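This report refers to the structure that appears directly beneath it.
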């Protein structure tokens, strides 16, 4: 790694560069920051606040269970607490914390200056926060969700759950939207914004992991979002997805939930493991042993986690062969997890380990996670699971995996990176005490649950009979829970205390090896004045070698550009210099857009048309203002000139972030419509008759929609090929851009009208049968996809009309063509599900 | 001067494909095995008819065998990529991609075998 700063920009240039990256001050600092460190810190702090609230709920439940037949909590309150505890820990703590950590660390580790879509990153944070607030508003209005964090139908359906369930669903939907958005950010920053020279084989394990995790989030969280929507429709407009009387099936919810729920476990564990893959080598003073094996293990674990969902449904009466497919997958994944464990042990064995606080938490992780992994192999076996299902054995198992696999690594990571975040060292003495309290408390809490579960204590029940003989075990668990809580509180005190009293740390107090340790502690707003060049897997441990091509890019970005925020965009495989990606500055609009979405949720909950109407105005206004600000800034100053005279500020295709964003949005839409189609296929094979009445059968309308979409793609694509790759296109090319954008917009509008017209023309009744409900859902999904395509095309139109950078409309039209292609796939899947699938009769 | 083999576009595409094919093949093996077996058996049961179990079982195993062959072929390509990168003093990136593809191929091939054997030893539509 080289960061040669002997010759460089003048003091004035450095000052202008610092000004371009200046953080907002005063009140603006609360609502406007978009820089990845601000957003990452907010994610992590908010997540930990939710963590302590969720922990308090757990303590209340442990008090209730300390003795048999207690009535400290009523059954209803107990149901509410275990629902909110699970929901909080899974949706509001674990995943958002890790996304926050990734938002903070990834640009620093990869040598970038910010996340690719900084404003969208902020928007995601606000969605998450407002989703959490909506969920917790249930306590204020006295309607707390009580159907469990899994919300099984029919318990969560219209028959048995009140408005509390709607609050849960809306809060969750916002948090899920945030997670999916964060996943797109992570994929782009890892694949295309690495420092020059950081080829895939030199990429930090944390980056490999977050790349895989982001893919998992897109493939697994979208089905939950779809499932939540189906449940909300069943609850509020009487669709029939989960109603057996009308061709629905409650088991569909379990499929959709666990298609999300099982990968979610690995979305938490894999980043935890990645933290360990950074902490163990640094604190053992030895490179990670078996880097390619570890990368392969991460990929295998991530992919296989997508195929394990049925092992949560072993007791639902599925056929033996079906169970055996998923048992095979569940057993396979344990081998991949074991590979990582062997790599860490080999690294410890080969190095000179230091018993620092991060290392203590890492060792605690190893011990606990391996124990949880062993019980995981046990419950992966269908016959054993049939015995242990819904007992405290399962509670013990997943807390070993989640706390061992995620919380201990997170605490290791916090102590490891705290000097980087704050510039201060936390107290080693207090940290050690907090580790032992947490470790002993954890095992005292959860180890006895294995026994109480095997002895027959069911989970999710507010009390137990004294004759069951598990009173002492439960008392031990309760005592352990308080010791565990004391350890976590002491951890918080240690870290927060270091903010004021900790020793100053310098940039690299541990002698670590990755790029974040090159930056100041805490890092400056732009992270790196001069972009580092990477020539090895451990840039700070390897002897740097010189590559003129890479050095040229580093020099071009040395405290530059100065009138616009920008960072290098590099090739996917080799991280060779490519173009410059513009990075957005502070703004208020993402907050307003997220607030509009929360307002829409409130309007739906209050059943107020006025609030809903106002929310639509806020959302549309915020997005339009956001886009106008983007175009205004991109038309300014240096953004028309190549950085260093060589690196274009944006270029067509995958050479700029927008293309990746459009491709990501298209993939999300396709996953969503495929989920709906899978749901209908599942219902069809389980129904004696499908559909009950006529199928949609409107081939001309459907074909017309498809043709209009093909026209939208063609026009956008044609427009994106007109004019040179510079900012001074001839008038004919400008006219072509305008004509293409207008044609594409018109074709999209026609497609929207035709798609929506299918519903009234089909004469179906969404309350009659689940097929009819499914058609409504598919038509709505298609309409939403078309609206997104129209939105992006109108942005291209605005880009053409508002500024002089001629390359910008070209790029925007190409992005629109990518998104329209995704919409065409959505149309094809929707058509197959409504018209072709019903023809398959046995 | 010609580019080293490992940096030519065709070699690059092959090296990347060798990394991507095994995971995709495993996902297809699990997904298609589940959909073909479970959905077909359920559809027949819902219609009150006897399912053609031999046909369903054969279809599942055939699908899995095809996907297994694809996965192993990707492994061979990966192994050759790795060997060329090591022997010819080529790019370390391609050596890494080759090794990664090989590990993934072996891991996912084992996973596909574990899925494929089930219809051979269990009753398909029990």
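The values are calculated or read from the model by the stated rules, or taken from the named source; none is laboratory data. Keep in mind that what you see is a predicted model, and the values were worked out from it rather than measured. A quick note on method: Cβ atoms are made from the backbone with ideal geometry, for glycine too, and the neighbour counts reach across all protein chains shown.
Scanning the range A:456-498 for residues that are modelled with pLDDT under 95 and assigned to a helix (DSSP H, G or I), we see that the one that is farthest from residue A:422 (Cα to Cα) is A:467. Criterion first (in a helix (DSSP H, G or I) and out of contact with any helix residue (DSSP H, G or I) (no Cβ under 8 Å at 6 or more places or on another chain)) does residue A:659 satisfy it? Criteria not met by residue A:659. The set of residues in the range B:34-60 being under 25 Å from the mean Cα position of the chain (by Cα) and more than 7 Å from chain A (Cβ to nearest Cβ) consists of B:35, B:36, B:40, B:53, B:54, B:55, B:56, B:57, B:58, B:59, B:60.
When A:442, A:421, A:384, A:447 are checked against the criterion of being buried (at least 19 other Cβ atoms within 10 Å of the Cβ), touching a helix residue (DSSP H, G or I) at 6+ places or on another chain (Cβ under 9 Å), closer than 26 Å to residue A:338 by Cβ and in the same structural domain as residue A:105 (by TED's automatic domain parsing), A:442 stands alone in meeting it.
Determine whether the range A:624-637 contains at least one residue that is under 14 Å from residue A:566 (Cα atoms), at pLDDT below 95 and buried (at least 19 other Cβ atoms within 10 Å of the Cβ). Yes - at least one qualifying residue is present in the range A:624-637. Restricting the range B:82-92 to residues that are within 13 Å of chain A (Cβ to nearest Cβ) and touching a residue at least 24 places away in the same chain (Cβ under 8 Å), the residue that is nearest to the chain's Cα centre (by Cα) is B:85. Within the range A:300-335, the set of residues being at the interface with chain B (Cβ under 8 Å from one of its Cβ atoms), more than 26 Å from residue A:686 (Cα to Cα) and surrounded by fewer than 24 Cβ atoms within 10 Å (Cβ to Cβ) comprises A:331, A:335.
Comparison of A:197, A:171 shows that the only residue that is within 14 Å of chain B (Cβ to nearest Cβ) and crowded, with 24+ Cβ neighbours inside 10 Å is A:197. Scanning the range A:674-700 for residues that are away from chain B (no Cβ under 12 Å) and either over 18 Å from residue B:32 (Cα atoms) or in contact with a strand residue (DSSP E or B) (Cβ under 9 Å, 6 or more places away or on another chain) (or both) turns up A:691, A:692, A:693, A:694, A:695, A:696, A:697, A:698, A:699, A:700. Considering the conditions (1) more than 9 Å from every other protein chain (Cβ to nearest Cβ); (2) over 19 Å from residue A:200 (Cβ atoms); (3) in a loop (DSSP other than H, G, I, E, B), residue B:68 is excluded by exactly one of them, (3).
Among the conditions (1) more than 9 Å from every other protein chain (Cβ to nearest Cβ); (2) not in a helix (DSSP H, G or I), residue B:79 misses just one, which is (2). Residues that are over 30 Å from residue A:19 (Cβ atoms) and assigned to a loop (DSSP other than H, G, I, E, B) within the range A:561-618 comprise A:571, A:572, A:573, A:574, A:576, A:607, A:608, listed in sequence order. The number of residues in the range A:280-299 that are within 12 Å of chain B (Cβ to nearest Cβ) and either touching a helix residue (DSSP H, G or I) at 6+ places or on another chain (Cβ under 7 Å) or without any contact (Cβ under 8 Å) to a residue 12 or more places away in the chain (or both) comes to 9.
Only one of the numbered conditions (1) touching a residue at least 12 places away in the same chain (Cβ under 8 Å); (2) under 20 Å from the mean Cα position of the chain (by Cα); (3) facing another protein chain (nearest Cβ under 10 Å) is violated by residue B:125, and that is (2).
Restricting attention to helices (runs of 4 or more DSSP H) lying wholly within the range A:1-118, give those where 2 or more residues are closer than 16 Å to residue A:583 by Cβ, within 16 Å of the chain's Cα centre (by Cα) and modelled with pLDDT of 95 or more.
A:36-65, A:95-110
When you check residue A:670 against the structure, is it more than 14 Å from chain B (Cβ to nearest Cβ) and out of contact with any strand residue (DSSP E or B) (no Cβ under 7 Å at 6 or more places or on another chain), yes or no? Criteria met by residue A:670.
The residues in the range A:692-706 that are surrounded by 14 or more Cβ atoms within 10 Å (Cβ to Cβ) and assigned to a helix (DSSP H, G or I) can be counted, and the count is 5.
Condition check ((1) more than 14 Å from chain B (Cβ to nearest Cβ); (2) buried (at least 18 other Cβ atoms within 10 Å of the Cβ); (3) under 26 Å from residue A:108 (Cα atoms)) across all residues:
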| position | (1), (2), (3) |
| --- | --- |
| A:560 | yes, yes, yes |
| A:571 | no, no, yes |
| A:599 | yes, yes, no |
| A:613 | yes, no, no |
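Note on the range B:98-107: residues that are more than 7 Å from chain A (Cβ to nearest Cβ) and surrounded by 22 or more Cβ atoms within 10 Å (Cβ to Cβ) amount to 4.
Would it be correct to say that residue A:716 is buried (at least 18 other Cβ atoms within 10 Å of the Cβ) and part of a loop (DSSP other than H, G, I, E, B)? No, not satisfied.
Looking at residue A:276, is it modelled with pLDDT of 95 or more and within 14 Å of chain B (Cβ to nearest Cβ)?
no
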